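Asks: Take a look at this one; I'll ask things after.
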Amino acid sequence: MATVFVIQNQHGHYLNKQLEWVDGRDKRVLYRTVHRDEAINVVFEQSSKNIELRAHPLECETDETANPKVEAGPAIMSQVDDLLADDEQIDESTPDHIGEAADDIILAEDSDENRSQ
């Protein structure tokens, strides 16, 4: 069987052909190349766009349909749902007087600027 290189990030997600991160359950859409240097170039390009990205080329065998044999990573949607739930909790737990105090500070800064002109 042939070997190909796929791109995997620090979260266990894989790069697809549209250069988006997916969990790897659908192996048909994964980015793959037979050349290690091409995979390294793609990692470099993606890392240039996102400095927090820690990706690497992963060499793997292909199955009988020429799709890479990889283990699926963690689901991406569950992470998004968790983040949205955290944001809702923060918004609900923030007292109203904090928002009002922030507005007062902004108004005070605006009036200070008007006096100095």
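Laboratory data are not the source of any read-out in this text; all were calculated from the coordinates shown. Source: prediction; values computed, not measured. Methodologically, a virtual Cβ is constructed for each residue, glycine included, from the backbone with ideal geometry; neighbour enumeration extends over all protein chains shown.
Asks: Checking the condition out of contact with any strand residue (DSSP E or B) (no Cβ under 6 Å at 6 or more places or on another chain) and in contact (Cβ under 8 Å) with a residue 24 or more places away in the chain, which residue from 36, 28 passes?
Replies: On the way: 36 fails: out of contact with any strand residue (DSSP E or B) (no Cβ under 6 Å at 6 or more places or on another chain).
So the residue among 36, 28 that is out of contact with any strand residue (DSSP E or B) (no Cβ under 6 Å at 6 or more places or on another chain) and in contact (Cβ under 8 Å) with a residue 24 or more places away in the chain is 28.
Asks: Sticking with this one: I'm trying to understand the selection: among the residues of segment 37-71, which are over 17 Å from residue 1 (Cβ atoms), of a type outside the set (Asp, Glu) and touching a Phe, Trp or Tyr at 6+ places or on another chain (Cβ under 8 Å)?
Replies: 39, 42, 57
Asks: Considering every residue within segment 5-17, establish whether at least one is under 12 Å from residue 70 (Cα atoms), assigned to a loop (DSSP other than H, G, I, E, B) and of a type outside the set (Lys, Arg).
Replies: yes
Asks: For segment 52-76, name all the residues that are without any contact (Cβ under 8 Å) to a residue 60 or more places away in the chain and within 14 Å of residue 36 (Cα to Cα).
Replies: Passing the criteria: 55, 56, 57, 58, 59, 60.
Asks: Filter segment 32-72 down to residues that are part of a loop (DSSP other than H, G, I, E, B) and either within 11 Å of residue 15 (Cβ to Cβ) or touching a Ser or Thr at 6+ places or on another chain (Cβ under 9 Å) (or both), then give me how many there are. Spell out how you get there, then give the answer.
Replies: So the first thing to find is which residues in segment 32-72 are part of a loop (DSSP other than H, G, I, E, B), and the list is 32, 34-35, 50-55, 63-67, 69-72.
Next, from what is left, pick out any that are either within 11 Å of residue 15 (Cβ to Cβ) or touching a Ser or Thr at 6+ places or on another chain (Cβ under 9 Å) (or both): 32, 34, 53-55, 69.
Qualifying residue count, segment 32-72: 6.
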